[in-house]
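Below you'll find the structure, written out as structure tokens, and then a few comments.
The values are calculated or read from the model by the stated rules, or taken from the named source; none is laboratory data. Note that this is a predicted model, so its numbers are computed, not measured. When we count neighbours, we look across all protein chains shown, and the Cβ atoms used for this are built from the backbone with ideal geometry, even at glycine. Please note that ligands, DNA and RNA were not included when accessible areas were found on the heavy atoms of the full protein model with its side chains. Shrake-Rupley method; radii C 1.70, N 1.55, O 1.52, S 1.80 Å.
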Amino acid sequence: EIRQWAVVTDGALVATVSWVPTTRTSNMLWVAARSDVDATGLRSALQMACRDLIRYHSLMIEHPAGEMVKAFEIAGFEPFRTLIWMRAAATP
């Protein structure tokens, strides 16, 4: 059973939330959102997912620190742990 929520604004996909239950991570949500728009779409998708998955008392999301923080907070999420995310520039 896979569940997905998506927000489309003016015909363009702006955010998605997916829930793929497994025996180890049945409370993990996977999110994707455009970085060039405000966080309203992500917030809406998260709120829909939380409403539909209300029986799970401890939903979790892993995301880069500092990105879309307001959307997560408004949807009812709070920091649990901080991960160090690293990036590397493409090399020839």
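Before moving on, here are some points about what is shown:
- Förster radius 25 Å - calculated FRET efficiency between residue 1 and residue 35, Cβ distance, rounded to 0.05: 0.25
- Å² of accessible area per residue within the chain, as computed with a 1.4 Å probe and no ligands counted: 74 Å²
- Spin-label model, residue 28 to residue 57: label points 7 Å out along the Cα-to-beta-carbon direction sit 2.2 nm apart.
- Filtered GluC sites (Glu not before Pro), the chain: DSSP coil and at most 16 other beta carbons within 10 Å: 1, 62, 67
- Mean projection of the Cα convex hull over all viewing directions, computed for the chain: 7.9 nm².
- Highest average packing first - 42-50, 74-82, 6-14, Cβ atoms within 10 Å: 42-50, 6-14, 74-82
- With the helix formula -39500 (n - 2.57) applied to DSSP H stretches of n ≥ 4, the chain reaches a computed 222 nm mean residue ellipticity of -6000 deg cm²/dmol.
- Taking the 1.4 Å solvent-accessible surface of the chain as the whole, the part contributed by carbon and sulfur is 55%.
- The chain: relative contact order in percent, alpha carbon pairs under 8 Å with at least 6 residues between: 23 percent
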